[in-house]
Amino acid sequence: MLYYIAAIVLIAFVFDFINGFHDSANSIATIVGTRVLNPLAAVLWAAFFNFAALFTVGTAVAKTVGKGMIDINIVTPNVVLGGLIGAITWNLITWFYGIPSSSSHAIIGGYAGAAVAKAGWAAVQWGQKWIQTLSFIAISPMVGLLAGFTLMVMVYWIFQRTSPHRVDRVFRIAQLLSSASLSLAHGGNDAQKTMGIIVGLLISAQPLVAHATGFWSHLRLSDPDQIPLWVEIGAYTAISLGTLFGGWRIVHTMGSRITKLRPVSGFCAETAGAIAISLATSMGIPVSTTHTITGAIVGVGATNRLSAVRWGIARRIVWAWIITIPASAAMAALSYWLLAAVIPLR
């Protein structure tokens, strides 16, 4: 059984890798779309700052996911694995079709779906954290949109007497900083969701690992507020490596298909996204970085004219946002039932 627990931990890191792979568009689509960096340089830049978040943010989001949304008393290794399978499946489907859905909501939906499959709706701890998380499905893209629109208007006003060539030159440099900030915010929020899932797993597995020694003793954890250092390092490493490989289908959608970007608009979109995501992280809210940066891109595009935004593409993205939680929950519930039939655990 120890090997089963260890295997689930590895699958959690696989999800985190796919999260980075799937969400690399959040960090690099704008800077690639504006041609400030080539794709290879962009993913290296983003991966570095994804990992750097380990040293700059706390663990409030991880604690929310680990114990604030699902009754920890009903969690079993099968619940965790079922949730991970549901989230991974949905991420791969949306990646294949180039749809920038939320990995954050996929894992939250998957975790909840597997828990409900085991213990019914009572498994879900309806309260403030769920209200905040569900509310931010609408709030985060709106905050990104308004912040992106506002920053773009301010830049237009400040640089109204400056030649377009000079503006472009200034913001090609500035976009390196805004891209770094966005990657830092993305890593800080998204890696913590996997950390919370692993903590939930370790707490549920304590009866199975209580007498473990040597290497296996690292699986012992009694306090859900305690995040082992190896879990933090593993989560940030996995999401950074995933970012290095890049989900190029989604990069294309966000970097060029929603609206045409220039360095100045890329800077405003990235800065707006970083501000909104960092604020949510400080509040312990597992917000979708995908929703936020997409909203910011739409916001900067709308400053030119509403027709500059390809609303058909944006509408398709919004539908993916709406169905992500129920779709990943359904896949996770099915996965849990299959696992419970093969590996019965109480």
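The values are calculated or read from the model by the stated rules, or taken from the named source; none is laboratory data. Quick caveat: nothing in here was measured; it's all calculated off a predicted structure. Every residue, glycine among them, receives a Cβ derived from its backbone with ideal geometry; neighbour counts consider all protein chains shown.
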Worksheet item: Does Leu10 satisfy being under 19 Å from Leu184 (Cα atoms) and either among the β-branched types (Val, Ile, Thr) or over 14 Å from the mean Cα position of the chain (by Cα) (or both)?
Response: no
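What residue, of Gly266, Gly255, Gly242, Gly284, is at positive phi and at pLDDT below 90?
Every option except Gly284 fails the conditions.
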Discussion item. Restricting to the stretch 139-152, give me the number of residues that are surrounded by fewer than 23 Cβ atoms within 10 Å (Cβ to Cβ) and either under 13 Å from Ala276 (Cα atoms) or among the β-branched types (Val, Ile, Thr) (or both).
Written reply: 4
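Between Asp190, Asp225, which is surrounded by fewer than 23 Cβ atoms within 10 Å (Cβ to Cβ), touching a helix residue (DSSP H, G or I) at 6+ places or on another chain (Cβ under 7 Å), in contact (Cβ under 8 Å) with a residue 40 or more places away in the chain and within 29 Å of His291 (Cβ to Cβ)? Steps first, please.
Details: Asp190 fails: surrounded by fewer than 23 Cβ atoms within 10 Å (Cβ to Cβ).
Matching residue, one of Asp190, Asp225: Asp225.
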Fill in: Tabulated pairs, the stretch 29-50, first crowded, with 19+ Cβ neighbours inside 10 Å, second among the acidic types (Asp, Glu), C-beta under 9 angstrom, 6+ apart or interchain
Thr30/Glu270; Ile31/Glu270; Asn50/Asp190
Response to the item:
Within the stretch 88-137, residues surrounded by fewer than 22 Cβ atoms within 10 Å (Cβ to Cβ), in a helix (DSSP H, G or I) and β-branched (Val, Ile, Thr) come out as Thr89, Ile93, Val116, Ile131, Ile137
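Each row is one residue, and each column tells you yes or no for (1) of a type outside the set (D, E, K, R); (2) within 14 Å of the chain's Cα centre (by Cα); (3) modelled with pLDDT under 85.
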site	(1), (2), (3)
Ser103	yes, yes, yes
Tyr111	yes, no, no
Met154	yes, no, no
Arg161	no, no, yes
Ser178	yes, no, no
Leu201	yes, no, no
Worksheet item: Any residue in the stretch 189-202 that is hydrophobic (A, V, I, L, M, F, W, C), touching a Leu at 6+ places or on another chain (Cβ under 6 Å) and within 30 Å of Val9 (Cβ to Cβ)?
Response: yes
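Going through Thr237, Thr194 one at a time, which residue ends up being closer than 21 Å to Gly109 by Cβ and assigned to a helix (DSSP H, G or I)?
Values: Thr237 fails: closer than 21 Å to Gly109 by Cβ.
Answer to the selection: Thr194.
Take the conditions of a type in the set (A, V, I, L, M, F, W, C), modelled with pLDDT under 85 and at negative phi and apply them to Trp248. Does it pass? I'd like the intermediate steps shown before the answer.
On the way: of a type in the set (A, V, I, L, M, F, W, C): yes; modelled with pLDDT under 85: yes; at negative phi: yes.
Yes.
Modelled with pLDDT of 85 or more, closer than 30 Å to Gly144 by Cβ, of a type in the set (Val, Ile, Thr) and part of a helix (DSSP H, G or I): does that describe Ile227?
Values: modelled with pLDDT of 85 or more: yes; closer than 30 Å to Gly144 by Cβ: yes; of a type in the set (Val, Ile, Thr): yes; part of a helix (DSSP H, G or I): no.
Against the criterion (modelled with pLDDT of 85 or more, closer than 30 Å to Gly144 by Cβ, of a type in the set (Val, Ile, Thr) and part of a helix (DSSP H, G or I)), Ile227 does not qualify.
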